[in-house]
Amino acid sequence: MLFDTHAHLDDDRFDKDRERIIENFKEDGIEMIVNPGADIASSVKAVSLAKKYENIYAAVGVHPHEVDTMDENTIEVLRELAQNEKVVAIGEIGLDYYYDNSPRDIQKKWFREQIRLAKEVDLPIIIHDRDAHEDTYNILKEENDDRLRGIMHCYQSSLEMSQQFIDLGFYISLAGPVTFKKAKTPKEVAAGISLDRLLIETDSPYLTPTPNRGKRNEPAYVRYVAGMIAELKGISYNEVVKQTNENAKKIFAIK
């Protein structure tokens, strides 16, 4: 059974058919998903969905696009949300230098603060890193201790750098781009790193994999990510599904 480690089912693009999608999980071969937050409102929605459905878990956090709205009270709210038993991570958090929707110094400040919160509440982190690989790595290295662990969500950097993140205790999660014809780097990463450090995700409703590009993404399409990884590694689809499921349950501490 597939484990989609990153799907935004709280997004309003699912408002018309969210229940149908969730009810079809078993038919689509999906055992579980993790729904991360991007701000306080979506984090609250993620927790609400997780409480309602047994096979949905939540992460709570503030995306780098939204961190210029943060203050100490925001951290308190996240701390309180993190106490729910269905919350399995702090995220998605990180740095985005592609859009720069929040000033970079503010992004770095609240990235650190949310990392420290995760260590305090003993949860892994889900990292958004777009065009900020060096700063992301340096902050993680500076904040590193035996409590720091997590996931490089929709990983976009090089194979060489993936090993540096793995050495810090992180898993590498691949999404729809690994299926794109011209996406050379994700394919190199998929082929090159050990299967026991890989995760799969959709990032629904974004980054729809081939052959459904142009449509809204949804958890059922995570099978295309698993299929491409199997092809690139020259192993069976079932082996990829089984190992990535085990990896996800391990990092999220789901029995």
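Each reported figure results from applying straightforward, stated rules to the coordinates on display, with no laboratory input. If you're wondering where the values come from, they're calculated on a predicted model, not measured in any experiment. Neighbour counts run over all protein chains shown; Cβ positions are idealised from the backbone, glycine included.
Which order do the peptides 202-209, 1-8, 228-235 come out in when sorted by mean C-beta neighbours inside 10 angstrom, highest first?
Per-residue Cβ counts within 10 Å, averaged per peptide and sorted highest first, yield 1-8, 202-209, 228-235.
Need the C-alpha centroid separation for the stretch 113-129 versus the stretch 190-209, integer Å.
20
Whole-Hz Karplus ³J(HN,Hα) for the stretch 36-42, in order, using 6.51 cos²θ - 1.76 cosθ + 1.60 and θ = phi - 60°, x for Gly and Pro?
Couplings: x, x, 10, 7, 5, 4, 6 Hz.
List the GluC sites (Glu not before Pro) within the stretch 1-84 that DSSP assigns to loop and that have no more than 15 neighbouring Cβ atoms inside 10 Å.
Loop-located and lightly packed - Glu27, Glu54.
Among all the lysines, which ones have a C-alpha under 24 Å from Lys109's C-alpha, if same-chain residues fewer than 8 places away are not counted?
Lys119, Lys141
Which far-off residues, 5 or more places away or on another chain, put their amide H under 5 Å from the one on Tyr53, with H placed in the peptide plane?
none
Scan around His6 for amide H atoms under 5 Å from its own, H built in the peptide plane at 1.01 Å from N, and keep only partners 5 or more places away or cross-chain.
So His6 has HN proximity to Val34, Thr202, Asp203.
Suppose we take every Cα in the stretch 2-251 and form the convex hull; what volume per residue is that in Å³?
Taking only Cα atoms, the stretch 2-251 has a hull volume of 114 Å³ per residue.
Quote the convex hull volume per residue of the stretch 168-227, based on C-alpha atoms, as a whole number of Å³.
It is 86 Å³ per residue.
Name the lysines eligible as straight-distance cross-link partners of Lys182: C-alpha to C-alpha under 29 Å, and not fewer than 8 places from it in the same chain.
Lys215, Lys233, Lys242
Where Lys and Arg each count +1 and Asp and Glu each count -1, what net charge lies around Asp146 among other residues with Cβ under 13 Å from its Cβ?
0
Starting from the Cα of Lys45, draw a straight line to each of the lysines and keep only those under 20 Å, dropping any in the same chain fewer than 8 residues away.
Lys16, Lys86
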